[in-house]
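Right, one structure below, let's go through it.
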Amino acid sequence: RKEVEQDPGPFNVPEGATVAFNCTYSNSASQSFFWYRQDCRKEPKLLMSVYSSGNEDGRFTAQLNRASQYISLLIRDSKLSDSATYLCVVNHGTYKYIFGTGTRLKVLA
Amino acid sequence: NAGVTQTPKFQVLKTGQSMTLQCAQDMNHNSMYWYRQDPGMGLRLIYYSASEGTTDKGEVPNGYNVSRLNKREFSLRLESAAPSQTSVYFCASSDGTLYEQYFGPGTRLTVT
């Protein structure tokens, strides 16, 4: 079993839709959690850190469920520019970051 | 601020050739990392440097060496390139508090 698992998608959604991705992790000792966005042939860019209390940044909301060992990302009012691959990243409190393989989102006009 | 910069952006090598990938960051981060990204796989850590003067192996270090030249710069060397090293290489840096990583634009390496 992979340490971090994501549904690869693609998730095809119309503009304006709400879409949610989940990411499960296997190491209960994981301490920090992140969502990154990666455009085709570009570097991963930090979208948001995920805090225990959950956090929101504009149209994006991230949640952490330690009991069930997953994090989620909700995107409201999807824009064409949101089309990308979303990477889930888990950190074990050291220098070990585990990357998911990503969930591909396509927002359709 | 440029953030994290990498050179070169693209490189084609023949099997057995050597090269060095350069990385620099201007965010005053202590920690720096080298990853490779292959299709269908998550980023995998090659080497990291927790602070200036230290380097440690990651998940896939074989065939690579690194040098932390100073706080800003962290280079990755392929001594004898192999086709299995065809990949996209990303350098990253992080602070020691939030553990948020910031990535360079990547180097696309093809070994023939």
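The values are calculated or read from the model by the stated rules, or taken from the named source; none is laboratory data. The model shown is predicted, which means the values in this text are computed figures rather than measured ones. Cβ: placed from backbone, ideal geometry, glycine included. Neighbour counts: every protein chain shown. Surface areas here come from the heavy atoms of the whole protein model, side chains and all, with no ligands, DNA or RNA. Shrake-Rupley method; radii C 1.70, N 1.55, O 1.52, S 1.80 Å.
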Check your understanding: In this structure, is B:Tyr47 of a type in the set (Phe, Trp, Tyr), within 11 Å of chain A (Cβ to nearest Cβ), surrounded by 13 or more Cβ atoms within 10 Å (Cβ to Cβ) and more than 25 Å from A:Arg104 (Cβ to Cβ)?
Key -> yes
Practice item. Determine which single condition B:Asp26 fails, assuming it passes every other condition in (1) within 21 Å of A:Lys42 (Cβ to Cβ); (2) touching a His at 6+ places or on another chain (Cβ under 8 Å); (3) open to solvent by 10 Å² or more (accessible area, probe 1.4 Å). Key: (2)
**Study point:** B:Ser80 being open to solvent by 10 Å² or more (accessible area, probe 1.4 Å), more than 9 Å from chain A (Cβ to nearest Cβ), in contact with a Gly (Cβ under 9 Å, 6 or more places away or on another chain) and not in a helix (DSSP H, G or I)
**Key:** yes
Practice item. Look through the range A:86-109, keep the residues that are closer than 13 Å to A:Gln31 by Cα and touching a residue at least 24 places away in the same chain (Cβ under 8 Å), and return whichever of them is nearest to the other protein chains (Cβ to nearest Cβ). Key: A:Asn91
Check your understanding: Taking the range A:27-69, which residues are polar (S, T, N, Q), within 11 Å of chain B (Cβ to nearest Cβ) and either under 21 Å from A:Ser81 (Cβ atoms) or in contact with a helix residue (DSSP H, G or I) (Cβ under 9 Å, 6 or more places away or on another chain) (or both)?
Key -> A:Gln38
